[in-house]
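A short worksheet on the structure shown next.
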Amino acid sequence: MIRAIVESAFQTGCLSVESQGLPHQVLATKSYDSKDLTALAALDEAVRVAQIKREAPSSSLLIKLPHSINEADTLSKGGSCTIAS
């Protein structure tokens, strides 16, 4: 699911408000793999350099990306996913 969101954002050049919340849900349900984390990192960078525009105001994605699947598991078990400002 994450890769589909990222692919769509790169195709359209826009990340919808609805799509911005989906990575939170996917990470919380642990329905992802290392390729999804790589795709999220690419999307985050594209948003930061304004290659992809966001419908909601902000300069970065809404989540702190884990560096690995193990870190993502730790975050979902009680660590915090911080909202970027």
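Of all residues in segment 10-45, those being of a type in the set (A, V, I, L, M, F, W, C) and over 11 Å from the mean Cα position of the chain (by Cα) number 4. Screening VAL47, VAL26 for residues that are in a helix (DSSP H, G or I) and at pLDDT 85 or above leaves exactly one candidate, VAL47. Looking at this structure, is SER19 at pLDDT 85 or above, out of contact with any Leu (no Cβ under 9 Å at 6 or more places or on another chain) and surrounded by 16 or more Cβ atoms within 10 Å (Cβ to Cβ)? In short, yes. Of all residues in segment 1-26, those that are free of Cβ contacts under 8 Å to residues at least 12 places away in the same chain and polar (S, T, N, Q) total 4. Taken over segment 50-61, the criterion of being surrounded by fewer than 16 Cβ atoms within 10 Å (Cβ to Cβ) and either of a type in the set (A, V, I, L, M) or at pLDDT 90 or above (or both) is satisfied by ALA50, GLN51, LYS53, ALA56.
The values are calculated or read from the model by the stated rules, or taken from the named source; none is laboratory data. Quantities reported herein were computed from a predicted structural model and do not represent experimental measurements. Cβ atoms come from the backbone with ideal geometry, glycine included; neighbour counts cover every protein chain shown.
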